[in-house]
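Read the structure below first, then the notes.
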Amino acid sequence: MLNSNIQDRVIRGLMWLSGLLVVAILFIIIAYISLKGISAINLDFIFDLPHRAGKEGGIFSTIISTIYLTLASLIIAVPLGVGSAIHLEEYARRDSFFARLVNLAAETLAGIPSIVFGLFGFVFFVIYLNLGWSVLSGSLTMAIMILPTITRTSQEAILSVPAEYRENSLALGASKWQTISKVVLPSALPGIITGVILSIGRAIGETAALILTAGSSLGMPAGLLDPARTMSVHLYILAMEGISMERAFGTAFLIIVLIVIINYLANLSLRRMSPAGRLQ
Amino acid sequence: MDNLKLKSESIKVYYKDFQALHGVYMNIQANRVTALIGPSGCGKSTFLRTINRLNELIAGTRTEGQIYLDDKPIYDKDLDVVELRKEIGMVFQKPSVFPMSIYENVAYGPRIHGIKKRSQLSEIVEKSLKAANLWNEVNDRLNSPAARLSGGQQQRLVIARVLAVEPQVILMDEPASALDPISTSRLEELISELKKHYTIVIVTHNMQQAARISDYTGFFLNGDLVEFNRTDELFVNPRDKRTEDYITGRFG
């Protein structure tokens, strides 16, 4: 009796410690980066173009490149991912060969390291399709990388929509597609957006695959076929080539800020769009 | 004088290898309430769902036989199921409102059937909510979430949503089983009013309810329609020993 009581307390303490550690690690990283990076941050750093390989000037073109690449990969991957999730959950029979194949593909894709995608993107998009190091090559590669996440989270979101909604809608004389588009997808939207947020995080953080496919040009990309350097790639080059540690930390700080802003906006739209939130 | 609305001929339903119904014949009269009773698993809900062909949603289900709506065979190859379900509405056991406003829930059916004009939709919404005895309780908050209504109100909202499509027949699958006694009696009142304009088929496991609200009753057992008769006849003078045993509470 006493023994199990002590055991209980020890375990509870350990769990508490794990939680504390998670918070502490996050806090320390953010505090450290902010401390080291904030001195580099000013309006010029954010809104000026880089000069002398990033030693001088700002990082504006890399911020725009990051947003550009992220949006382009979402535009490619979201319709495909949500579409395949709708197919798997609403149309395919769960035990069909094709459904199992798609599931297997999504799982396998999710586990492949990004550098492997980068190598494929380099050989296929950059060289074979002759798209060069460009926003397009980078976005296509990134789209393949985030596709499994979007498919999986959309699948789960669609699966969690109560079966009664579908029955009621069909019994009212709605077609299958009307039921999916007007009842199922709106109810699944919060879950789908969660997958999109995760994907944005991954896209912003990606480095290796993008060096191979989008290049590392510091210019402002004007079109889809222009090369681009994202913030993460910039950070990597600044640090690896010893150009400026202070500016690397400044860039890191802005990456974190960008991710926080995106998460906030996504949460906001989530609350707006989800039925419960919109109606309150 | 009763008019035939639905006529079922030798309806058999199979779930994979299991036969759930063994050839059901039933005449359902227009503007009357027909109750289907019987113990769990007897096939009464399965039969109800053959009328709007909802069993087809379950993979591995096979239906044989024919049902006529007026003179229209609903198991005809060329029949448009979507059109059929506009004529035959359904209220389920658990009130399932969509995660939308009260207004949008009722407007859902008319909208998918092509009505776009706001004034026309509002008219339908008001009329349907009034017919479902819900208008007075919700007319000041049509845009608030339907999920905030009580269970009884939700079930009446579901009925309003069905009425908005203007069906001829309304199927109800144990619509009161999740409701408290007061909501149940309001629902029963509503059913008596609705039969003036609609043909109602209701599955219930509550025999008092069947006796109170229905004009005809069918008793199902193990996939057979054991007895079908006017409700007052069936409950007072059951012809089959099994019906008598069931309604006197000897089993089930």
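The values are calculated or read from the model by the stated rules, or taken from the named source; none is laboratory data. Because the structure is predicted, anything quoted here is derived from the model rather than measured. Here the Cβ is made from the backbone with ideal geometry for all residues, glycine too, and neighbour counts use every protein chain on show.
Descriptive notes on the structure:
- Hits in the stretch A:153-186 - residues which are surrounded by 20 or more Cβ atoms within 10 Å (Cβ to Cβ) and in contact (Cβ under 8 Å) with a residue 24 or more places away in the chain: A:Thr153, A:Ser154, A:Gln155, A:Ala157, A:Ile158, A:Val161, A:Ile180, A:Val184
- Among residues of the stretch A:111-154, those that are out of contact with any Ser or Thr (no Cβ under 7 Å at 6 or more places or on another chain) and assigned to a helix (DSSP H, G or I), counted: 18
- Residue within the stretch B:216-226 that is touching a helix residue (DSSP H, G or I) at 6+ places or on another chain (Cβ under 7 Å), assigned to a strand (DSSP E or B), surrounded by fewer than 21 Cβ atoms within 10 Å (Cβ to Cβ) and of a type outside the set (Gly, Ala, Ser) present: yes
- Condition check for A:Ala77: in contact with a Leu (Cβ under 9 Å, 6 or more places away or on another chain), small (Gly, Ala, Ser) and either surrounded by fewer than 18 Cβ atoms within 10 Å (Cβ to Cβ) or in the same structural domain as A:Phe47 (by TED's automatic domain parsing) (or both): yes
- The C-beta contact set for the stretch B:159-181 (first residue among the small types (Gly, Ala, Ser), second residue in a loop (DSSP other than H, G, I, E, B), distance under 6 angstrom, 6+ apart or interchain) comprises B:Ala160/B:Ala132; B:Ala160/B:Leu134; B:Ser177/B:Gln93; B:Ala178/B:Lys94.
- Across the stretch A:92-110, the number of residues qualifying as surrounded by 13 or more Cβ atoms within 10 Å (Cβ to Cβ) and either within 24 Å of the chain's Cα centre (by Cα) or not in a loop (DSSP other than H, G, I, E, B) (or both) comes to 8.
Yes/no per residue for (1) in a helix (DSSP H, G or I); (2) crowded, with 19+ Cβ neighbours inside 10 Å:
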position: B:Thr50; (1), (2): yes, yes
position: B:Glu56; (1), (2): yes, no
position: B:Arg62; (1), (2): no, no
position: B:Tyr103; (1), (2): yes, yes
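- B:Leu84 vs. criteria closer than 21 Å to B:Ile213 by Cα and of a type outside the set (Phe, Trp, Tyr): no
- Within the stretch A:187-207, the only residue that satisfies the criterion of being crowded, with 23+ Cβ neighbours inside 10 Å and within 14 Å of chain B (Cβ to nearest Cβ) is A:Ala188.
- For the stretch B:105-123, a tally of residues being within 13 Å of chain A (Cβ to nearest Cβ) and either assigned to a helix (DSSP H, G or I) or crowded, with 18+ Cβ neighbours inside 10 Å (or both) returns 8.
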